[in-house]
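Beneath this line is the structure, given in C-alpha cells, with notes to follow.
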Protein chains: 2
Amino acid sequence: MDIQRYMTTIGMRAREASRHVARADANTKNTALLTLADGIRRDSGVLLDANRQDIAAARADGMAPAMIDRLTLNEKSVAAMAAGIEQVAALPEPVGEITDLKFRPSGLRVGRMRVPLGVVGIIYEARPSVTADAAALCLKSGNAAILRGGSEAIRGNRAIAALVHEALLAAALPRYAVQVVDTTDRAAVGCLVTMREYVDVIVPRGGKGLISRLLDEARVPMIQHLDGNCHVYLDDDAEPRMSVRIVENAKTQRYGTCNTAESLLVARARAEDLLPPVAAMLRSKAVEIRGCEETRALIEDALPASEEDYAREFLAPIISVKVVDGIDEAIDHINLYGSHHTDTIVTENYSKAMRFLREVDSASVMINASTRFSDGFEYGLGAEIGISTDKIHARGPVGLEGLTSQKWVVLGTGQVRG
Amino acid sequence: MDIQRYMTTIGMRAREASRHVARADANTKNTALLTLADGIRRDSGVLLDANRQDIAAARADGMAPAMIDRLTLNEKSVAAMAAGIEQVAALPEPVGEITDLKFRPSGLRVGRMRVPLGVVGIIYEARPSVTADAAALCLKSGNAAILRGGSEAIRGNRAIAALVHEALLAAALPRYAVQVVDTTDRAAVGCLVTMREYVDVIVPRGGKGLISRLLDEARVPMIQHLDGNCHVYLDDDAEPRMSVRIVENAKTQRYGTCNTAESLLVARARAEDLLPPVAAMLRSKAVEIRGCEETRALIEDALPASEEDYAREFLAPIISVKVVDGIDEAIDHINLYGSHHTDTIVTENYSKAMRFLREVDSASVMINASTRFSDGFEYGLGAEIGISTDKIHARGPVGLEGLTSQKWVVLGTGQVRG
C-alpha cells in the first residue's frame with residue numbers, strides 16, 4: 001500500500017465532501033446523527049464482537065491493563081455512545097448563525113457568520129468511542145472529518161465507521177464526509193498532519209508523547225492539548241472545610257483525568273492550620289504526598305518533592321505540595337510549573353480572588369471550585385472534542401464553536417468607498 | 001554576531017516582559033501610547049532624516065520605485081502615525097473583559113476573560129509606519145512585541161524604536177515589551193518563526209513570496225495573510241447603475257490594495273446588458289480587460305484571459321472577466337480561483353444574496369457593497385494589524401481581538417463535582 005497516495009486520496013475526498021457538508025442544513029445533519037445513534041444501538045452486538053477481537057489482539061501483544069481498560073467497550077458504554085450522539089444532535093445549529101450585525105458610519109451593516117473550518121483531522125488512541133463522538137461533532141459543525149484511531153482499536157473503529165457511512169447515506173450526505181483511516185501504518189499520521197491543502201486543523205487526543213511528536217511534524221494548525229498539571233491554591237483567607245472538600249474532590253474523585261489536581265499550594269500563614277486536615281484526608285484515601293521541607297515538617301509521612309515533581313502530571317494517587325509566601329508566589333509557581341490547563345484558588349478575599357483570576361495564565365481559572373469541573377459539559381458546550389491548553393483559536397474545552405470560524409458579512413445597499 | 005543567540009536573548013526578554021505587560025492596567029498602557037505619539041511629533045525631523053538615509057541607501061541598491069514609495073515618510077505620514085497611535089489609545093481596554101458569565105446547573109458561574117496571547121512576532125517589509133502601529137496594537141492588547149522590519153527601513157525603524165523605549169520608560173513598563181530586531185541578517189527571521197517557547201504567534205505583513213516562505217519554516221502559529229484576489233459578481237438580478245458604480249470603486253479606487261477587485265463575474269443572462277457599460281467605465285480609466293470568449297464577443301478590445309489570470313492578484317489596472325451561468329458557477333469559481341479574502345455580489349434577489357453570503361468561503365462576503373470596505377477601520381475594529389485569509393484563530397481584519405485569546409473563568413462558592 002502506498003501510504004502517501006492513500007492519504008492524498010483521503011484528503012482530496014474530504015476536501016470535496018467538506019463543501020457539501022458545509023452547506024447541509026440542520027435537519028439533514030441531525031438525520032444522519034440520529035440514524036447513527038440508532039445504528040449503534042441496533043448493532044451493539046457487532047461493535048462488542050469487533051471490540052473483543054481488538055482486546056484479544058491487544059492482550060496477545062502484551063498491552064498494559066490501563067490501556068486495555070480504555071480500549072474496552074461494554075453494553076453500557078455503547079449505550080452512552082449512542083446517547084452522546086443524540087445529545088450532539090439536540091444542540092443548536094451552529095453553522096450560519098450571524099451575530100453582532102451592526103450599522104457602520106458607511107451605512108453598511110457588518111457582522112459575523114459562523115462557518116465550518118472545512119476538514120478536521122482527529123488523531124487519537126485506544127478509546128473507540130472517540131470515533132463516534134468526533135464524527136458527530138465534526139458533522140454537526142459542518143466539517144468533513146478524517147479519523148485516525150489507534151491501531152489497537154482498528155476493528156472496533158471499522159465497525160463504527162460502517163455505521164457512520166450508513167447514516168451519511170440515509171441523510172444523502174457524501175460518504176466521504178467522515179473517513180476512518182484504515183491502516184495501522186504510522187506513516188499515515190505523518191501525511192495527515194502535513195497535508196495543508198486538504199486538512200484545516202488537527203485535533204490530537206492522546207498522551208503528551210503523541211502530541212509533542214505531532215507538534216514537531218505538523219504543518220497543519222493543531223488544537224493541542226498537552227498535559228493537565230492542575231493546581232489548588234489554599235490562600236491565607238481560605239475557608240478550612242472548603243479547602244479540604246475542594247482538594248479531596250480535585251485530587252481524589254478520579255486519578256486519571258486531565259482536570260485532576262496534581263499539585264497543592266498553601267499560604268505559609270495558614271500551613272499549620274490547613275495542611276494537617278488536608279493531609280489526613282489524603283492519607284485516608286492512600287494518596288502519596290510529595291512535599292517541600294516546610295510541608296514535611298508539618299506532615300511527617302510526606303516524601304520529599306523534587307523540582308520535577310512540581311511539573312508533573314501524575315495521573316495517580318500522588319500529589320505534590322508546596323508552602324508558598326502568598327498569592328504572588330502561588331501565581332508565579334503555577335505559571336512556571338503548571339501546564340496552563342486548570343487552576344483554582346480557595347479564598348474568601350475578593351482582591352486576591354480577582355488577581356488570581358486575571359494573572360494565572362491557564363485555559364481555566366477558578367475561584368472556590370474543584371478543578372474537576374473543567375470540561376465541556378460542565379461549561380455548557382454540550383460536548384467537547386478535546387481540551388486545548390493552547391491560546392490560538394481555541395482555549396480550554398473545545399466544542400462546536402472551536403470547530404468553527406467566523407467570517408465577516410457585509411450587507412450593503414450599493415455603498416462605495418469615498 | 002551569533003544570530004541564534006541574539007534572537008534567543010530577544011525571545012527570553014520578550015517572554016519575561018510579556019508577563020508584566022499582561023498585568024498592566026489601561027492607564028499605564030495608554031500613558032505609554034500617548035507619550036509615543038508625542039515623541040513622534042516632537043522628533044519628526046529625526047524620523048524623516050533617518051528615513052532619508054534609508055531611501056538613499058535603497059536608491060543606491062537599485063530598489064524599485066514602488067518599493068521606494070512605500071518606504072518614504074513625509075510630514076503628513078509621520079503626523080498620521082502619531083494620530084493612529086492616539087486612536088489605539090482611545091480604544092476600549094480589551095484585557096480582562098469578562099463576557100458570557102452564566103450560571104450552570106452546578107451553581108458555578110462560568111464565563112470568559114479576554115487575555116493577551118503573550119509574545120507577538122511581526123515580520124514586515126518597507127513601510128516604517130508598521131513599527132509604530134504594531135507596537136501600539138501589541139501594547140494595547142497586553143502583548144510583548146518582537147518587530148522585524150525590512151532591512152531597507154532599518155534606520156527609520158531604529159529611530160521609532162528609540163521613541164517606543166522612551167515611552168515604555170515613561171509609563172514604567174519594561175523596555176523589552178517592544179523590541180526591534182536590529183540586524184538585517186535574514187537568519188533572524190528563521191529563528192523568530194521557530195522559537196515556540198518564546199513566541200506565541202507570528203503576524204507576517206508582506207507579499208505572497210514572504211508569506212509562503214515563512215509558512216514552510218514556521219513552527220510558531222501564524223496569522224497569515226496571503227493575497228487578495230477579490231471578486232465582484234454581477235447577478236441576473238443586479239441593478240445596472242449599482243453594478244457599474246461598485247465595479248468602478250472596487251477595481252479603480254486604488255490598484256495596490258489587497259481589497260481591490262481583481263476579477264469580475266457576470267451572469268450570462270445579463271452579460272449583454274451589463275458588460276458594455278462596465279467596460280466603457282473601465283476603458284475610461286485605462287483598465288485592461290482580460291476576458292473569456294463570451295466577454296470578448298461583447299467587448300471587442302478585451303484581451304483573452306488565461307486560466308492563470310483568474311487566479312491572479314494583479315495589483316494593477318488589469319481585471320479578469322468571465323461570463324458565468326449564474327450563482328452556482330459564480331460561487332464555485334470564487335471558491336476555486338479566489339484567495340478567500342473578500343468577494344461581493346450585486347443583486348436585488350434575496351435568496352441568491354443569502355446563498356452567496358453563506359456559500360462563498362471567504363474572510364469577508366458582501367452584498368451590494370464595494371470590496372474596498374474590507375478593513376479594520378470600516379468594520380469598527382479601530383485599527384488592524386493585518387487581514388487574515390486563514391480560518392484558524394482570526395479571519396479577515398485582525399484588530400485587538402485577534403491579538404488576544406479568551407480563558408475560561410469559573411466563580412464558585414465551594415462546589416465539588418458529584
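Since every read-out is calculated from the coordinates, none of them should be taken as a lab result. What you are looking at is a predicted structure, and each value in this text was computed from that prediction instead of being measured. FYI the Cβ positions are ideal-geometry reconstructions off the backbone, even for glycines, and counts take in every protein chain you see.
Worth a mention:
- All alpha carbon pair distances within the stretch A:1-155 were sorted into 5 Å bins beginning at 0; the resulting P(r) in whole percents reads 2, 9, 14, 16, 16, 15, 12, 7, 4, 2, 2, 1, 1, 0, 0.
- Cβ charges +1 (Lys, Arg) and -1 (Asp, Glu), total dipole of chain B, debye: 1900 debye
- Acute angle (nearest 10 degrees) that the helix B:154-170 long axis makes with the longest principal axis of chain B, alpha-carbon atoms: 50 degrees
- More than 14 angstrom apart: percent of Cα pairs within the stretch B:148-189: 48 percent
- Helix axis angle, A:3-23 relative to chain A longest principal axis, alpha carbon, degrees: 80 degrees
- Under-5 Å amide H pairs with B:Leu73, H placed in peptide plane, nonlocal only: none
- Vicinal HN-Hα couplings computed from phi for the stretch B:359-374 (Karplus, 6.51 cos²θ - 1.76 cosθ + 1.60; Hz; Gly/Pro x): 9, 6, 8, 10, 4, 10, 10, 10, 10, 6, 8, 6, 4, 4, 6, 6
- For the stretch A:56-109, the ratio of Cα radius of gyration to the globular rule of thumb 2.2 N^0.38 Å stands at 2.34.
- Phi angles of the stretch B:251-263 translate, via the Karplus equation with coefficients 6.51, -1.76, 1.60 and θ = phi - 60°, into HN-Hα couplings of 8, 10, 4, 8, 8, x, 9, 6, 9, 6, 6, 10, 8 Hz per residue; Gly and Pro are given as x.
- Axis between B and A by rotation; chain B residue with nearest Cβ and distance in whole Å recorded as B:His393, 2.
- Ellipsoid fit via the Cα gyration tensor, the stretch A:20-100: semi-axes of 34, 15, 11 Å, each the root of five times an eigenvalue, largest first.
- For the stretch A:187-279, with +1 on Lys and Arg beta carbons and -1 on Asp and Glu, the positive-most of A:Ile211, A:Pro221, A:Val193 along the dipole: A:Val193
- What the phi angles of the stretch A:395-412 give under the Karplus curve with 6.51, -1.76 and 1.60, with θ = phi - 60°, is a coupling list of 9, x, x, 9, x, 4, 4, x, 8, 10, 9, 10, 9, 7, 10, 10, 9, x Hz, glycine and proline written as x.
- Reciprocal of mean inverse Cα separation for the stretch B:70-228 (Kirkwood radius, Å): 17.1 Å
- Residue among A:Val180, A:Cys230, A:Val287 farthest towards the positive dipole end of the stretch A:164-309, charges placed on Cβ: A:Val180
- With contributions of -39500 (n - 2.57) from each DSSP H run of at least four residues, the per-residue ellipticity at 222 nm computed over the protein assembly as shown stands at -14000 deg cm²/dmol.
- Ascending list, in nanometres, of distances separating the A:Thr183 label from those of the other copies (7 Å, Cα toward Cβ): 4.2
- Per residue, the convex hull spanned by the Cα atoms of the stretch A:307-389 measures out at 116 cubic angstrom.
- Separation of alpha-carbon centers, the stretch A:98-177 and the stretch B:97-139, rounded to whole Å: 28 Å
- Quotient of Cα Rg and 2.2 N^0.38 Å for the stretch A:176-311, N being how many residues it contains: 1.48
- Charge dipole (Cα centre; +1 on Lys/Arg Cβ, -1 on Asp/Glu Cβ; no other charges) of the stretch A:143-241 amounts to roughly 620 debye.
- Cut-off under 5 Å, modelled amide H: who pairs with B:Val180 long-range: B:Leu147
- Where GluC sites (Glu not before Pro) in DSSP loops with at most 16 other Cβ within 10 Å are excluded, longest remaining stretch of chain B: B:198-299
- Lys-Lys pairs in chain A that are eight or more residues apart or on separate chains and whose Cα atoms lie under 29 Å of each other come to 26.
- Relative intensity, log₁₀ I(q)/I(0), of the stretch A:265-418 from a Debye sum that treats every alpha carbon as a point, q = 0.09, 0.21 Å⁻¹: -0.39, -1.40
- Evaluated over the stretch B:90-145, the Cα radius of gyration and Dmax, each in Å: 16.5, 55
- Here the Debye sum runs over all C-alpha atoms of chain A as equal scatterers in vacuum, and log10 of I(q)/I(0) at q = 0.07, 0.08, 0.10 Å⁻¹ comes out as -0.40, -0.51, -0.76.
- Sparsely packed loop sites in the stretch A:323-407 (the chymotrypsin sites (Phe, Trp or Tyr not before Pro) outside DSSP H, G, I, E and B with at most 12 other Cβ atoms within 10 Å) do not occur.
- Inter-copy spacing of B:Arg254 label points, which lie 7 Å from Cα along Cα→Cβ, given in nm from shortest upward: 5.3
- Count Lys and Arg as plus one, Asp and Glu as minus one, and take only other residues whose Cβ is under 9 Å from that of A:Gly111; the net charge is then +2.
- Span from the the stretch B:17-90 Cα centroid across to the the stretch A:331-396 one, whole angstrom: 38 Å
- Amide H to amide H distances under 5 Å link B:Ala383 with B:Leu400, where only residues 5 or more positions off or on other chains count and H is placed in the peptide plane.
- The modelled label-to-label distance for the pair A:Ala57/A:Ala172, using points 7 Å beyond Cα in the direction of Cβ, is 3.7 nm.
- Using Cβ point charges alone (K and R +1, D and E -1), the dipole size of the stretch B:84-154 about the Cα centre works out to roughly 500 debye.
- Residues within the reach of a label modelled at A:Glu197 (point 7 angstrom out along Cα to beta-carbon, backbone nitrogen below 17 Å), restricted to the stretch A:220-246, are A:220-221.
- Seen from every direction in turn and averaged, the convex hull around the alpha carbons of the protein assembly as shown projects onto 36.6 nm².
- Shortest first, B:Ala56 label-point distances to identical copies amount to 8.6 nm, with the label point at 7 Å from Cα along Cα→Cβ.
- Projecting the Cα positions of B:Ala66, A:Ser351, B:Ala32 onto the charge dipole of the protein assembly as shown (unit charges on Cβ atoms of Lys, Arg, Asp and Glu, taken about the Cα centre) puts A:Ser351 furthest along the positive direction.
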